[in-house]
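First up is the structure itself, then whatever we jot down about it.
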Amino acid sequence: MNASEKKRLQSNIWKYALLLISNKRIFVAILGVYYLTIPDVTPKIIGIILLAGSLASFIFEIPSGYVSDKIGHKQALILSRIFVLLSTFFFLIADRIPFLILGAILLSTGQAFLSGTGSAFMHETLRGLKREHDYSTIMGKISSIGFAVPIIFMVLVPFLVSISYKVPFIIALITDLIGFLAALFLVSPSVPQEHIEEIRATNFKQVVREGYHLNFFSLALFSGIVSGTLFSVGGFRAPYQLLLGIPVIWFGVFFGIGRALASLMLAYSGKIKKAITLPSFYLFQLILYVSLIFILGTISLLWVVITTFIIINAFQWGLSRIDESYQLDTICSSKFKATLLSTASQIDQTIAAISSFGVGLLIEKVSYHYGFFYLGIIFVIILLPLYLYILMKYKSGAYTKEK
């Protein structure tokens, strides 16, 4: 690779950072409240909207990764930005429930084409630069920037809603256009022709067998359950805070604090990963999130609820690149990274769909406390045995780079 080609390939790093910045939904802090401004929207309807989005991700997650491996990662990333842009447009013009559902479906579809694919694309980029060993460090810093820059807009969003709830979506539409252009000008890493031919000749059953052989699916299941559960909790954050009498103007500030902490953790992803082991990482998540969900299910003091949501927001995203790095370490020898990584997201969306609808139903029928409390019970019943299985496999030598 000559100097010019290397420079062009290196440009993917800042372009992908720009894409991640635009990918952050600056309106997410007030989205739940925005839903409630549309006629006939209730907590149950919010659960249905979240369910529709999660089902869309479930349907498109594996196909999106498989299509990405077939047509090329860059093309899949461009499709992702188109779907996200259309999603923001439908949220912007929404004046009835079907538009909100359509916006959620398009957003989830766009995210499905990004998850796995974006990670695989950047892994290939760093491999082309002979820097794949720096993946967790570089991606941690990129993700940190992706979280840090949008915080300014997120903090301003609640102030902008005093003008109109539509203003944040107009700003998001502009940033989505920037993200689309960033994806359009990405440079595809050079891939040997035999690599492409092998992907085209391989069927999906072989991909599944490879993931099983690499002990990947236990990690994907754990991560998917954690992410899906926290998604459902976050979906009701704004309505719950509104019910407790917290002024909407503070929602962006609280959300921004969580994202700022996440950005800080992401910046040190490489160092954090070096300081811990795989089983200790997953045990920490199990203990932390079970505790936080039970706090939401038992305590309604304003400062406790606010702090709990901030911590969930911070750790959910702050640890994401470490989790992803462990998964990539496990499948480092696979040519189907996008397809395999997508399985975790598909599990994520399956859990999110079920828990979002269930929590929304419980909230409307009983209370927020019961919704969160029962979610916590199910969370620990499923994840504790799974963690013990991961621990057992780790002790037997699984999840290492040497296969």
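Just a few scattered comments:
- Under 30 Å, Cα to Cα: Lys pairs in segment 1-138, sequence gap 8 or more or different chains: 20
- Of the solvent-accessible surface of the chain, computed with a 1.4 Å probe over protein heavy atoms with every protein chain present, carbon and sulfur atoms account for 70 percent.
- Seen from every direction in turn and averaged, the convex hull around the alpha carbons of segment 250-334 projects onto 6.4 nm².
- Here is how the number arises for the chain: DSSP H runs of 4 or more residues each give -39500 (n - 2.57), the sum is divided by the residue count, and the result at 222 nm is -27500 deg cm²/dmol.
- Full extension of the chain segment joining ILE382 with ILE246 gains 45.6 nm, where the gain is 0.36 nm per residue of separation less the Cα-Cα distance.
- Sorted on the mean count of surrounding Cβ atoms within 10 Å across their residues, most packed first, peptides 131-140, 224-233, 267-276 read 224-233, 131-140, 267-276.
- Sequence-distant lysines (8 or more away, or on other chains) whose Cα lies within less than 18 Å of LYS271: LYS141
- Pair-distance distribution P(r) for segment 292-352, from all Cα-Cα distances in 10 Å bins starting at 0: 18, 35, 27, 15, 5 percent.
- Spin-label model, SER300 to ILE93: label points 7 Å out along the Cα-to-beta-carbon direction sit 4.1 nm apart.
- Derived value for segment 18-162: Kirkwood hydrodynamic radius 16.5 Å. Basis is the mean of 1/r over every pair of different alpha-carbon atoms.
- Relative contact order of segment 219-326, defined on C-alpha pairs under 8 angstrom at six or more residues apart (%): 47
- Label-point separation, GLU364 to LYS395 (7 Å along Cα→Cβ), nm: 4.7
- Structural size metrics of the chain, computed from C-alpha coordinates, are Rg and Dmax of 20.3, 65 Å.
- Under conditions of 20 °C and 1.002 mPa s, segment 241-387 yields 126 µm² s⁻¹ as its translational diffusion coefficient, taking Rh as the Kirkwood radius over Cα pairs in the Stokes-Einstein equation.
- Taking a span of 18 Å or more along the helix axis (Cα atoms) and a mean Kyte-Doolittle hydropathy of at least -0.5 as the rule, the DSSP H helices of the chain that qualify are 3-23, 43-71, 73-93, 97-114, 135-160, 167-184, 216-235, 251-267, 278-298, 302-318, 337-365, 368-395.
- Average Cα contact separation per residue, the chain, under 8 Å, 6 or more apart, as relative contact order %: 30
- Full extension of the segment from ASN2 to LYS274, taken as 0.36 nm per residue of separation minus the current Cα-Cα distance, would add 94.6 nm.
- Choice from LEU114, LEU18, LEU177 with maximal GNM fluctuation in the chain (Cα, 10 Å cutoff): LEU177
- Solvent-accessible area per residue in segment 1-40 equals 46 Å², computed with a 1.4 angstrom probe and all protein chains kept.
- Calculated FRET value between LEU36 and LYS166, using beta carbons and R₀ = 22 Å, to 0.05: 0.90
- Violating pairs (Cα-Cα greater than 25 angstrom) within the set LYS273/LYS395; LYS205/LYS273; LYS166/LYS365: LYS205/LYS273; LYS166/LYS365
- The stretch between ARG131 and ARG209, if pulled fully straight at 0.36 nm per residue, gains 25.2 nm over its current Cα-Cα span.
The values are calculated or read from the model by the stated rules, or taken from the named source; none is laboratory data. All of these numbers come straight from a predicted model, not from anything done at the bench. All Cβ positions, glycine included, derive from the backbone under ideal geometry; neighbour counts span all protein chains shown. These accessible areas exclude ligands, DNA and RNA; they are computed on the full protein's heavy atoms, side chains included. Shrake-Rupley method; radii C 1.70, N 1.55, O 1.52, S 1.80 Å.
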